[in-house]
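Q: Okay, here's the structure, questions in a sec.
The values are calculated or read from the model by the stated rules, or taken from the named source; none is laboratory data. For clarity, every value in this text was computed on a predicted model and none was experimentally measured. In case anyone asks, the SASA skips ligands and DNA or RNA and just uses the protein heavy atoms, side chains included. Shrake-Rupley method; radii C 1.70, N 1.55, O 1.52, S 1.80 Å.
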Amino acid sequence: MTEQFKLLVAALTSPLVGVAIAPFVGSFLTAVIHRLPAGELLFFARSRCPRCEVQLGIPDLVPLASWILSRGRCRHCGAEISTSYPLIELAALAAAVWGFALETGWRFWPSCLLAWTLIALAVIDWRHFILPDVLTLPLIPVGLALAALATPDQLGDHVIGTLVGFGTFAIIAAAYRRLRGHEGLGMGDAKLAAAAGAWVTWDGLASVVLIACIAALAVTAGRSRPGRLPSATERLPFGAYLCVGFWLVWLYGPLEIPSG
């Protein structure tokens, strides 16, 4: 019986299971992304068409397949369904496949959980310029717990990373507010930086921020019209770029600067 239980646990925790359920996780993430900023219930509210408000059934909720078969329209009223739904489901699947390709050991499931959380955070920040505490804060104890279990001798580095990440961003936010008289960096970014420090230590935190800055500059430059520089007051969803740096450093480690 014990051996059968071990085989069952091994089967259920297989990376292939993570890849298989990823589109369904992505479907749940779309609900999180749409409902959390609006203060709506996540677990007890039935999915509805935003136009005709008809409750959606199983045929409407199969990840990817439903959108493809309905040609991107509600089968009840014909309203167009946003492409964000299949794209987020694909992103969740891509993250699981990416993790499967690199993390065949114990790190696979933490990598998937991290990626799926970061997808939700990045999209919410991109759309609403907020990073909900309910998503960012749990990443801190989870990162520290993983460090305590996997590399207990390096736990201090993870704790320092948490403190440095939060403290640095909080100081920058306070200084900007004092100098400019308005908010320039939200505390959600500070909490996300703290979470990054908890997962990749203080040594990887600098790479997270550097990648985020490079990505933000590249996207901003790409979206700017020729001959027009971005305004100093233009809002920037920096948390979304922090999510990119966080994910890459977790998978590949800190950037290496060539010597000599």
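Q: Amide H neighbours of Arg48 under 5 Å, counting only residues 5+ apart in sequence or on other chains, H built in-plane at 1.01 Å?
A: Counting only residues 5 or more places away or on other chains, the set is Leu56.
Q: Amide H of Ile130 versus every other amide H placed in the peptide plane: which residues, excluding those fewer than 5 positions away on the same chain, fall under 5 Å?
A: Placed amide hydrogens put Asp125 under 5 Å from Ile130.
Q: If you count only protein heavy atoms with a 1.4 Å probe, what accessible area per residue comes out for the stretch 71-120, rounded to a whole Å²? Can you show the working numbers first?
A: Details: 2510 Å² over 50 residues.
Heavy-atom accessible area per residue stands at 50 Å².
Q: For Arg180 and Thr83 in the same chain, what is the full-extension length gain: residue separation times 0.36 nm, less their Cα-Cα distance, in nm?
A: Residue separation times 0.36 nm, minus the Cα-Cα distance, leaves 31.1 nm.
Q: While we're here: Which ³J(HN,Hα) values, rounded to whole Hz and listed in residue order, are derived for the stretch 119-135 from phi using the Karplus coefficients 6.51, -1.76 and 1.60 in 6.51 cos²θ - 1.76 cosθ + 1.60 with θ = phi - 60°, glycine and proline given as x?
A: Listing the rounded values in order: 4, 4, 4, 5, 5, 4, 5, 4, 8, 10, 6, 9, 10, x, 4, 5, 9 Hz.
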